[in-house]
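This report refers to the structure that appears directly beneath it.
The values are calculated or read from the model by the stated rules, or taken from the named source; none is laboratory data. Worth saying up front: this structure is predicted, and the values here are computed from it rather than measured. Cβ sites come from the backbone with ideal geometry, for glycine too, and all protein chains shown count toward neighbours.
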Amino acid sequence: MSDTFQLDGESVPFEPGQTVMQAALATGHYIPHLCYHPEFKPHGSCKVCTVKVNGRTAASCTMPAEAGLDVESNIEEMNGLRRTLVQMLFAEGNHFCPSCEKSGNCMLQALGYDLEVHTAGFRHLYPDRPLDASHPDILLDFNRCILCELCVRASSEVDGKNVFALSGRGITKHLVVNAETGLLKDTDIALTDKAMHVCPVGVILPKRVGFSVPIGKRRYDQRPISKQALDDAPRQADAGGSCAAREGIP
Amino acid sequence: MSKKLRIATTSLAGCFGCHMSFLDIDERLLALLDLVEFDRSPITDIKHCGPCDIGIIEGGICNAENVHVLYEFRKNCKILIAIGSCAITGGLPAQRNHLDLGSCLTEVYLTEPGLAHGHIPNDPELPLPLDKVHPLHEVVKIDYFIPGCPPSGDAIWKFLTDLIAGKTPELGHGLIKYD
């Protein structure tokens, strides 16, 4: 019999070495998240997965599971904080959903729906972030970047290419392409790369396939992200699951 | 039967798509008319807003006239609702926000083929464009937001009937959308 911790009043068993997030998802308990991806080391940067552990806040994706922990996740206090984080992400970038190819398949959008975010609330920054359309097969739209570093991690850890990096600090932090010219066409990225299939929002897009799935049939049209993430969870345990299928990328 | 609620609606920097979606509540409009009456709205063609219970505004703020209309609504409406992407985020008109307004006008009216040798419209009746397009909540306090481009008739119906019934309006999966 494995050890357990309490999550919103329910007993959650875990294996040694698992984080609170990993144990929760593996046992059918959804904790909202953006920068967490089951195939990568936890990043702990978006803070959307923040929970209360024994009364103190912690990122559940980096918090090691321990026997007897009292974890509170689906409570108004935590969901309120998550709502504010999502609102800030919407206000900070240019997230114009009506024209975005990723709309309906976007984790940020789906999380906004789940948390009943009706407005960004804050003053929109409307940053000036030119596109990179230099690559023949891939479009980069930096307007939507939430700095989760999943593409950075995928490109370096899985693809072994180091195509992406984050540069700058604070509000000036931004995604860059590792090439002399700074252009994607001067890298060796390929459509089959892992980095192509991990973006939770609409930054890294394959060209000429946009809007191929009609409204109503897209990933999060069918089921809210809280249900969809749990459907995906068992597959996360399988080695080599199709990431493209999971991320809803055509 | 208590007094009917009075509702005003208008479109600022919008496309009237949210108003079209409002009409998509179809025959439920008749049920709504048992509960409300319309003040200023494209439905009545009343030009100025009087005291109202609910004001519904589509579109963001892109020119000086928009600001005056928004102030008129805020002054007269107990509850003000921003409806649609443009009212809530600036939407499509706000896609010019990272560009210089002067360069936009110059390119469209002076240097682009087709309108070359034209001039930038300056009729005194035209409201002056603002430097940037703003969502409504950056200018006045907004009480509720109905997102969507446009929100569906079902979403508008659910939101309004919740509100009129005195409940906190909730949309839920399938009705809340940003596109």
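Numbers at a glance
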| item | result |
| --- | --- |
| Every residue from segment A:191-207 that is assigned to a loop (DSSP other than H, G, I, E, B), in contact (Cβ under 8 Å) with a residue 24 or more places away in the chain and more than 14 Å from chain B (Cβ to nearest Cβ) | A:Leu191, A:Asp193, A:Val198, A:Cys199, A:Pro200, A:Val203, A:Lys207 |
| Criterion violated by A:Gln222 - all others in (1) at pLDDT below 95; (2) more than 14 Å from every other protein chain (Cβ to nearest Cβ) satisfied | (2) |
| Matching residues in segment B:107-146 - criterion: being at pLDDT 95 or above and among the aromatic types (Phe, Trp, Tyr) | B:Tyr144, B:Phe145 |
| Where a residue in segment A:6-24 is more than 19 Å from A:Asp231 (Cα to Cα) and at pLDDT 95 or above and its partner, wherever it lies, is loosely packed, with under 14 Cβ neighbours inside 10 Å and charged (D, E, K, R), with Cβ under 7 Å and at least six apart | A:Gln6/A:Asp70 |
| A:Gly80 assigned to a helix (DSSP H, G or I) and modelled with pLDDT of 95 or more | yes |
| Hits in segment A:134-183 - residues which are more than 28 Å from B:Asn97 (Cα to Cα) and of a type in the set (S, T, N, Q) | A:Ser155, A:Ser156, A:Asn162, A:Asn178 |
| Top-ranked residue in segment A:71-87 [being hydrophobic (A, V, I, L, M, F, W, C) and more than 14 Å from chain B (Cβ to nearest Cβ); ranked as farthest from A:Val20 (Cα to Cα)] | A:Leu85 |
| Residue check, A:Asp188 free of Cβ contacts under 8 Å to residues at least 24 places away in the same chain and either among the polar types (S, T, N, Q) or not in a helix (DSSP H, G or I) (or both) | no |
| Enumeration of residues in segment A:15-57 that are in a strand (DSSP E or B) and buried (at least 19 other Cβ atoms within 10 Å of the Cβ) | A:Thr19, A:Thr50, A:Val51, A:Val53 |
| Test for A:Asn74: is it surrounded by fewer than 16 Cβ atoms within 10 Å (Cβ to Cβ), in a helix (DSSP H, G or I) and at pLDDT 95 or above | no |
| A:Ala110 vs. criteria in contact (Cβ under 8 Å) with a residue 24 or more places away in the chain and more than 20 Å from A:His29 (Cβ to Cβ) | no |
| Unmet requirement for A:Pro38, which otherwise passes all of (1) at the interface with chain B (Cβ under 9 Å from one of its Cβ atoms); (2) at pLDDT below 95 | (1) |
| Residues located in segment B:125-175, provided they are farther than 26 Å from A:Lys227 by Cα and at the interface with another protein chain (Cβ under 9 Å from one of its Cβ atoms) | B:Lys132, B:Val133, B:His134, B:Pro135, B:His137, B:Glu138, B:Ile142, B:Tyr144 |
